[in-house]
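Please find one structure pasted underneath; my questions will follow.
Computed from the coordinates by the stated procedures, all read-outs in this text should not be read as laboratory data. A quick note: this is a predicted structure, and the numbers were derived from the prediction, not measured. Virtual Cβ from ideal backbone geometry, glycine too; neighbours counted across all protein chains shown.
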C-alpha cells in the first residue's frame, strides 16, 4: 500500500513538472502550437483526475485495512465472549454489500445453540441460522439464495429494512474442530457474494475462531466455578457477589429487590437417620425442584449445608413470599428419596434504603431463625410480623 501511494505521488509530481515545461513552450510558441499545448494540458488534467481518484481509492483501502487490523487485534485481546462475538459480527457486517451478520455456535453439552446477530431480528436469526451441510461434512463456504412469493417481496414486510435475499457462510475453525458458522446476509436482490467475499470472510473467521473458542472456554470455566458441585445451583461466593451487585443496582435506579433465605427443617435428623449419601441425594433433588419453580430472572443459590437463597430482582416482599410458597409446595409435595417428605422454613426481606448487602442478608437470615422458632414450615418477613404458615 505504501509503494502504491509513493508511486502515485511521484506520478503527480512528474505531471506538474511537465505542465510547467509546456507552459514555457506555450509562451514561446505561435497559435498553432498553443492549440496543441491546450490539447496536451486537457489530457494531463484528465490524467491528474485519474491519479487523484486512484490516490483516494488507495487511501480508503489503507483505512479499511487499518480498521480490519485493529478489529483483529481487539479480537485476540478479549476473553469476554459477548465482546468477541460483537467485534466479529461488526467486522463481518462491514463486508461490501452485507446488511446483517450471524454467528451460530452449537452447545458443547448438546443444549440450545448460542446465536449472536447483527442487523437481524430474533425471528430472522432463528430462521437463517446455518448449521452446515445436511450430511455433516465441512464446507469451505455455503451460499444461500432466497426467493419469495410476489406478495412477500415488499420491503415493508420486515422491520429491519427489507427481507433477506442471499447469504454467505464460512466455518469458524477451532482447536481441531469447527465451532460453528459465520454468516453474512444481504437484503439487496442485486448483490451477489463473490469469491473475494469468501476469501475476506475466511480471513476473518480464521482470526475470530480461536478468539471465540478461548472466550467460550473462559465463560464455561467461570460458570463451573460459580456452581455448587452437589446441587448445580450457584454457590455461596457467587451469591454474595451477585447480591452486592443487585443491591447497588437497586439503590442506583430505585428499583425493588427481594431475598428469600430458606433451609430444610430438621435436616440433621435426616442425615442421622438415612446417612449423608442419602441426605446429599435429597439435597440435590430439592435443588432440582427449586430450579423448576423459580423465574428465569431469579438467582437461586446454595449458601451452605441445607441452606439456600434466592435473589429476586425487581420484586417486592409479596413476590418473595409467593416464591417461598411455590418452593414449599414443590419440595414438600412428595418424598425426597429416602429422606421422605421434608418441609422448609424461610426468611423473606425487601431491600430498604439503608441496607447494604451484608445487612440485607442478615435481616433475611435472622427472619429464617424466627421462622424456625415459630414452629417451622413457614416464612417470616424480616423486621415484620410473621406472614403465616403456607
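If R0 is 22 Å, what FRET efficiency do you get for residue 121 and residue 296 from their C-beta distance, rounded to 0.05? Mind showing how you got there, number by number?
Working: r = 21 Å, r/R0 = 0.95.
Rounded to the nearest 0.05, the efficiency is 0.55.
Semi-axes of the equivalent ellipsoid for region 81-225, please: Cα gyration tensor eigenvalues, times 5, square-rooted, ordered largest first, whole Å.
Details: eigenvalues 142, 54, 40 Å².
The equivalent ellipsoid of region 81-225 has semi-axes of 27, 16, 14 Å.
Exposure proxy check: 301, 247 ranked by fewest other beta carbons within 10 Å?
Working: 301 27, 247 21.
The most exposed by this proxy come first: 247, 301.
Two decimals is fine: what's Rg over Rh for region 264-344, C-alpha atoms, Kirkwood radius as Rh? Let's see the in-between values first.
Working: Rg = 12.9 Å, Rh = 13.1 Å.
Looking at region 264-344, the ratio lands at 0.99.
What list do you get for 216, 190, 295 if you sort them by fewest beta carbons within 10 Å?
Details: 216 19, 190 7, 295 14.
Least crowded to most crowded, the residues run 190, 295, 216.
For region 236-389, would you read off the P(r) tail past 24 Å as a percentage of all alpha carbon pairs? Before the final figure, lay out each step's value.
Details: 3347 of 11781 pairs.
Here the long-distance tail beyond 24 Å is 28 percent of all Cα pairs in region 236-389.
For region 187-246, just say rounded, prolate or oblate: build the C-alpha gyration tensor, square-root its eigenvalues into a ≥ b ≥ c, call rounded for a/c under 1.5, and beyond that prolate if a/b exceeds b/c, oblate if not.
prolate
Here's something else I'd like to know. Listing 147, 231, 242 from the residue with the fewest other Cβ atoms within 10 Å to the one with the most, what is the order? Display every interim value, and only then the final one.
Working: 147 8, 231 21, 242 18.
Least to most surrounded, the residues fall as 147, 242, 231.
Shifting gears a bit: When the Cα atoms of region 237-278 are enclosed in a convex hull and the volume is divided per residue, what value in Å³ results?
On the way: hull volume 3.5 nm³, N = 42.
Spelled out: Cα convex hull of region 237-278, divided by residues, is 84 Å³.
Further, regarding this structure: Quick check of the Kirkwood formula: for region 143-287, what is the inverse mean of 1/r over all pairs of different Cα atoms, in Å? Please report the intermediate quantities before stating the final value.
Working: mean 1/r = 0.0471 Å⁻¹.
After inverting the pairwise mean of 1/r, the radius is 21.2 Å.
Taking the Cα atoms of region 311-390, report the difference between the largest and smallest coordinate on each principal axis, in whole Å and largest first.
44, 27, 21
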